[in-house]
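Written out below as C-alpha cells is the structure these notes cover.
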Amino acid sequence: MGVKIEGIAFTVLFFLGLCPIFPLCSSAANQPRNSIKPTHPTSANRLGSSAVFQVQGNVYPLGYYTVSLNIGYPSKTFDLDIDSGSDLTWVQCDAPCQGCTKPRDELYKPNNNVVQCSDQLCSRIHLSTSSPCSAPDEQCDYEVEYADNGASLGVLVRDFIPLQLTNGSVIRPQIAFGCGYDQKFSGPTSPPSTAGVLGLGSSKASILSQLHSLGLTRNVVGHCLSGQGGGYLFFGDDLIPSSGVVWTPMLSSSSEMRYSSGPAELFFNGKPSNVKGLEVIFDSGSSYTYFNSKAYQGVVDLVVNDLKGSQLTRATEDPSLPICWKGTKPFKSLRDVKSYFKPLSLSFTKRKNVQLPLPPEAYLIITKHGNVCLGILNGDEVGLEDLNIIGDISLQDKMLIYDNEKQQIGWVSSNCDRLPNEDREFDDDFSLPYAANFDILADR
Ligand SMILES: *[C@@H]1O[C@H](CO)[C@@H](O)[C@H](O)[C@H]1NC(C)=O
C-alpha cells in the first residue's frame, strides 16, 4: 500500500450490519479433508515443521515486499504485501467489489465458505467492540484500517492454504482470512499491484496464530529482506540460526498487539546521541523508517552536521524523499556514497544491551535521479504522532524473528539471498526454490 505505515493503526473493527452478500456457511463436504502426506519420512527427525516462502520486492523503487500465497482447492496464487504491523490477512474479493485493482479472474471467489458470527475466530477479531454480531448465523464481517489511511472491509472466509513444511510434509489446513470487497488505498504508489495483505501479527486472527493453534508450527515468524530485492519469510522456528541472534523483549503494554520493543537509544558512529528513550515498532509493511519529530530532528542534525565540508550538496529538486543530496556526478549505488555517511545503531537496554546496526544501507536510498536520500522520515508529518517505526529499509539484510512464545524479537545480520542453515542439509528438492507454494500442490 505504497509508502505504507500500514497496520500500525487500529486493526480491529465493528460489525457492519450489512445484508449478507454471500450465502451463509455450509460445510464444505465436497472438499478434501486436511491431509498430511509425509513425503520424506527420513527427514522427520532432522527438522521440525516450519513453512518458508520466497519473498519478492524491494524498498526502492517498489516500496514493498510480497509473498505468493496459494489459496483454495483448486488453488489460486495471490501476491500479498507482508506486514508485521497488522494481523489479518485479506485478499481482494470476487464479490461486487469497490477498490479491487485486479482483474476479476485474479480475485478470490468465496464458495459457501463464509465464517459465521458464532465462530470463535469472529469474536476474536471483534474483541474491542461491544456487540459485533446481532445474530450468530450472520456472516462475520471485518474492517481493518492502516496508519496510512488505507483500509479493507469485507467478510471472513475459511479455505485451504496448502503448505510444504520443512520436515517434508505437505499440509492443507483450513485457515480463515478476509475476502475484501471494499478497499481504500492511499499513498504515492496507490493503487498497489498486490492482491492483499499478509498480516504477520500475533492476534488470534492471523494465519500464524491459526497454524499454531492447529499444532502445525511454533508461534514464531521471521523474515529476511534482501537489499538486492527479494528474500524469504517463515512461520515456525526451524530456520533460526543456533548462534548469533540477539534478542530483546517485546513490549506488551499497548492493547494493540504490535511487535514493539524499547526503550532504545540512537548511536551515531558508535557514540551515544541525545536521541533516546525510543519505543519502536518493527513493521515490514512500512517501506521507510519513521521517528517522532524530536528524534527525527536529532537524526537530521547528526547526519547534516557530519556532511559539512563534504562534496555532497542538498538536492531539493529531487522529489523522491524529503531530504536528498547530490554529488559531483550522479550516484549509481550505495557503494558510491558509503564513505560520506556514518553507521547508526539502535541500542536496546531492557534485558541486556543489544544493538540493531543501521549501516548507511539501512537508512539511505539512491534515487533514479542519481541522488542519495535519507530514508528515515518524520512520522509526525504523516500522522504517526509519537510512534517510531522501523521499516523495510532498516530491516534489510538481517533475519528478523518475532517469537510470540518467548515474547521476544531477535535479529542477526544475514545474507537474505539464500536460505540459512545449509549445514542442516535441506533435501535437494527442498532448498530450491524455497519451500512454499510449490506446484506439487497443483491440482490433479
Ligand atoms: C511434519 O510436521 C507436521 C506438523 O507438526 C506433522 O503433522 C507431520 O507429521 C510431520 N511430518 C513428518 C514427516 O514428520
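Read the figures in this text as sums done on the coordinates, not as results from a lab. Here the structure is a predicted model, which means the values were calculated and not measured. Ideal geometry is used to build each Cβ from the backbone, glycine not excepted, and the neighbour counts take in all protein chains shown.
Listed values, structure above:
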item	result
For Ala264, residues with placed amide H under 5 Å, excluding near neighbours	Gly277, Leu278, Glu279
Stretch gain in nm, segment Ser193-Asn149, where the contour uses 0.36 nm per residue and the Cα spacing is subtracted	14.1 nm
Backbone HN-Hα couplings from phi across the stretch 221-234 [Karplus 6.51/-1.76/1.60, Hz, Gly and Pro as x]	9, x, 9, 9, 9, 7, x, 7, x, x, x, 8, 9, 9
Filter on Lys326/Lys368; Lys276/Lys406; Lys308/Lys342; Lys329/Lys368; Lys204/Lys352 - keep pairs with C-alpha separation over 19 Å	Lys276/Lys406; Lys204/Lys352
Length added when fully stretched, Glu381-Lys338, from 0.36 nm per residue minus Cα-Cα	12.7 nm
Tail fraction, Cα-Cα pairs, the stretch 246-413, threshold 18 Å, whole percent	59
Whole-number D in µm² s⁻¹ for the stretch 206-283, Kirkwood Cα-pair radius fed into Stokes-Einstein, 20 °C, 1.002 mPa s	140
Potential lengthening between Leu62 and Ser186 on full extension [0.36 nm per residue; Cα-Cα distance subtracted]	43.1 nm
Cα centroid of the stretch 45-77 to Cα centroid of the stretch 349-415, whole Å	21
Extent along principal axes [Cα atoms of the stretch 46-181; Å; largest to smallest]	47, 38, 31
Zone of Lys271's modelled label, taken as backbone nitrogen in the stretch 282-309 under 15 Å from a point 7 Å along Cα→Cβ	299, 301-308
Three-way shape label, the stretch 257-319, alpha-carbon gyration tensor, a/c 1.5	oblate
Cα gyration tensor shape of the stretch 148-222, rounded if a/c is under 1.5, else prolate or oblate by comparing a/b with b/c	prolate
Label-point separation, Thr328 to Asn112 (7 Å along Cα→Cβ), nm	7.4
For Gly85, residues with placed amide H under 5 Å, excluding near neighbours	Leu200, Ser284, Gly285
Karplus-derived 3J(HN,Hα), 6.51/-1.76/1.60, for each residue of the stretch 155-166, Hz, glycine and proline x	10, 7, 10, 10, 8, 6, 10, x, 9, 9, 8, 5
Whole-Hz ³J(HN,Hα) from phi, Karplus 6.51 cos²θ - 1.76 cosθ + 1.60, for the stretch 285-296, glycine and proline x	x, 10, 6, 10, 9, 10, 10, 4, 5, 5, 5, 4
Alpha-carbon Rg/Rh ratio, for the stretch 314-388, with Rh computed the Kirkwood way	1.06
